[in-house]
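Read through the structure below, which is laid out as structure tokens, and then see the notes.
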Amino acid sequence: MRKVIVHILIAALLAAACAKNEVRPPAGPADILFEPANYLSKAGISGTVFPTSEKFSVYAWSDGTVGEYYMDNETVSYVELIDEWKPSGTYYWPDRSTVDFQCYYPAGMSGITIARDIIDYKDIDVEARQEDLMYSDKSVGFTDNIDVPNGIVPSKNTGVPIIFRHALAKVKVQVELAYNHKEEYDGTVTDWEVSVGKVQLLGLKHRGSCHLSLSDGSATGLVPWTRPVNEKGFNVWTDDGSVTSISGDLTGQKLLPEGPLTPIDEFFVLPQMLEMGAQQVKIDLDILTIRNGSPFLHENFTATANLRIDKFQAWQMNQSITYKLKIAPTQSSGAGPNPDDPVDPENPDMSGAVITFDPAVDGWDSIGFEAVINL
């Protein structure tokens with residue numbers, strides 16, 4: 001049975017409402033505006049400025065309001081004519097009371113409940129809804145639009161500062177070739193042609209719920225929410241046990257040392273614990289060995305590995321993980337490389353048929369370690 005070494009390296013590389021009958025102050029702009037910043041792209045928010053093509057929703061509370069909300073699930077969008085972010089209805093700043101704001105993205109989504117001190121995501125199916133789910137820090141105790149740096153980037157617009165956080169995690173898979181040529185000390189020259197077929201991620205939990213509570217009910221300014229923490233200390237959702245798989249196919253493409261191929265581009269996953277024998281990667285390999293210019297051995301096989309190791313036990317909220325599967329096309333004796341073998345400083349014994357993982361957290365939360373798994 002072929003021995004495959006799996007080397008996992010994680011490197012630090014993530015509704016309209018009527019205007020309230022408030023009195024406009026005698027001078028200066030008094031309608032409520034917003035200044036959002038975050039991380040956004042179509043595969044998720046990436047960058048630091050919320051794109052003007054997108055919308056988000058807002059709830060607001062103020063003492064003395066008739067009813068629970070000052071703003072009740074309003075949609076906020078960018079108004080090009082005035083170069084500002086405004087809710088769909090016009091709202092004025094109260095004269096003698098403060099206003100608290102809570103925003104979420106995408107605008108008007110189902111499955112989310114927001115109150116003064118809680119945010120609940122209920123029965124969210126990430127497989128059916130491949131979109132970035134975000135919630136903002138709560139903006140507490142505001143009395144006017146402001147024009148100051150919002151803590152991430154200098155403000156472009158004047159308004160209530162809004163900082164979004166990612167509720168999900170996202171994963172991407174790349175495949176790399178460690179080398180395809182060796183010259184042995186005895187003069188033997190070996191080359192390899194390596195092709196990758198189907199790449200699958202199996203056993204992914206995809207439906208669950210998440211409860212966030214306000215970190216400090218007495219604080220003002222931008223107040224963060226407390227993420228759920230399970231018994232092992234990880235920021236994961238409560239899943240209902242449903243599992244799914246996702247796959248990509250590189251059939252017909254040769255793997256070369258010059259750069260990685262991407263069989264599975266980034267997609268959103270439910271933050272979850274990783275369990276041995278549950279979440280796995282499976283990869284089909286085709287390796288032609290050429291010795292001294294002549295075909296010598298042609299092999300087709302499938303390698304499978306767990307995505308969980310001792311030091312990487314969960315995909316957590318706000319994490320973006322890239323798995324780099326590094327393929328070395330020869331079998332390992334465990335005795336180390338020959339004198340002229342290529343050397344990977346992170347894994348000196350590159351004489352083995354190894355798949356290495358290099359999950360990297362990019363721009364969200366940073367984590368870093370390495371470990372080796374033997375199949």
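The values are calculated or read from the model by the stated rules, or taken from the named source; none is laboratory data. Please read all numbers here as calculations on a predicted model, not as lab measurements. No Cβ is skipped: glycine too gets one built from the backbone with ideal geometry, and neighbour counts run over all protein chains shown.
Quick one: which residue in D186, D147 is more than 27 Å from T262 (Cβ to Cβ) and not assigned by TED's automatic domain parsing to the domain that holds P257?
Working: D186 fails: not assigned by TED's automatic domain parsing to the domain that holds P257.
Going through D186, D147 in turn, the sole match is D147.
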T304 vs. criteria among the β-branched types (V, I, T), surrounded by fewer than 18 Cβ atoms within 10 Å (Cβ to Cβ), over 22 Å from the mean Cα position of the chain (by Cα) and in the same structural domain as E183 (by TED's automatic domain parsing): yes
Count of residues meeting criterion [under 33 Å from the mean Cα position of the chain (by Cα) and part of a strand (DSSP E or B)] in region 49-94: 20
Of the criteria (1) in contact with a Lys or Arg (Cβ under 8 Å, 6 or more places away or on another chain); (2) over 30 Å from L168 (Cα atoms), which one A107 fails: (2)
Unique residue being surrounded by fewer than 16 Cβ atoms within 10 Å (Cβ to Cβ) and at pLDDT 50 or above when the list is M276, M317: M276
Flag for Y105 being at pLDDT 90 or above and buried (at least 17 other Cβ atoms within 10 Å of the Cβ): yes
Residues satisfying the stated conditions in region 115-131, i.e. among the aliphatic types (A, V, I, L, M) and either closer than 30 Å to K172 by Cβ or in the same structural domain as L202 (by TED's automatic domain parsing) (or both): I119, I124, V126, A128
Selected residue (criterion: nearest to E127 (Cα to Cα)) from residues of region 216-251 that are exposed (fewer than 14 other Cβ atoms within 10 Å of the Cβ) and touching a Phe, Trp or Tyr at 6+ places or on another chain (Cβ under 9 Å): G221
